[in-house]
Amino acid sequence: MHAATRDKLKAQFGDRLQEVTDDYGELAVKLARQDLVEVVRFLRDDPELQYRHLSDVTATDWPEAEKRHELIYHLYSYEICEYIRLKLRVAEGESVPTLCGDWDTANWLEREVYDMFGVQFEGHPDLRRILMWDDFEGYPLRKDYPLTYERPQFTFNKDNPPEVIK
């Protein structure tokens, strides 16, 4: 299924790829952060593979791990109708090279990861919050972000509850 992509990646990058697996029907590749740009450009520019669509950039948080954040990139090839998932780990305070020069969509996707997890993207043209307000403190999708509870206030219908439509 993913033999062509797997073979080309292994031939081009060899031991620089930390792990290559088939996860849930998609090729998953673990790599070092310093190899990210070179690998995605290879996948995008190879005439047979043409992974030209960056569909998502997201992250997971592992507070106990030495490299706390795992970034996940999803690329799609319309040429061969396949997704590939690239994963890399970064420690707290470590930056990741931006992909904004290669995909316009990376601008907003990286800003979301920055806003929710606090991951810095080196070379990003406009790395600022995109979902939370500017004065918001912390990163809400980190597992150590404090959970709070605020009772909802529904004063608009307190005395006159809506009628039930039958």
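Just so you know, all these numbers are worked out from the coordinates, no wet-lab data involved. Computed from a predicted structure; not experimentally measured. So basically every Cβ, Gly included, is an ideal-geometry build from the backbone, and we count neighbours across all protein chains shown.
Counting only DSSP H runs of at least 4 residues, each contributing -39500 (n - 2.57), and dividing by the residue count of the chain, the helix-based mean residue ellipticity at 222 nm comes to -6000 deg cm²/dmol.
Where the alpha-carbon atoms of the range 3-157 are placed on the principal axes, they occupy 62, 36, 33 Å, in descending order. A Gaussian network model of the chain, with springs between Cα atoms under 10 Å, assigns the largest mean-square fluctuation among 62, 103, 133 to 133. Pairs of lysine residues in the chain that meet both criteria, 8 or more places apart or on different chains and Cα atoms under 24 Å apart, total 11.
Ordered by the number of other Cβ atoms lying within 10 Å of each residue's own Cβ, fewest first, 83, 73 fall into the sequence 83, 73. For the chain, what is the percent of antiparallel DSSP beta bridges, rounded to the nearest 5? Counting DSSP beta bridges with both partners in the chain, the antiparallel share is about 75 percent.
Per residue, the convex hull spanned by the alpha carbons of the range 94-137 comes to 64 Å³.
For the range 1-80, the dipole from Cβ point charges (+1 on Lys and Arg, -1 on Asp and Glu) about the Cα centre works out to 220 debye, to the nearest 20. Seen from a random direction on average, the alpha-carbon convex hull of the range 1-79 projects onto 5.6 square nanometres.
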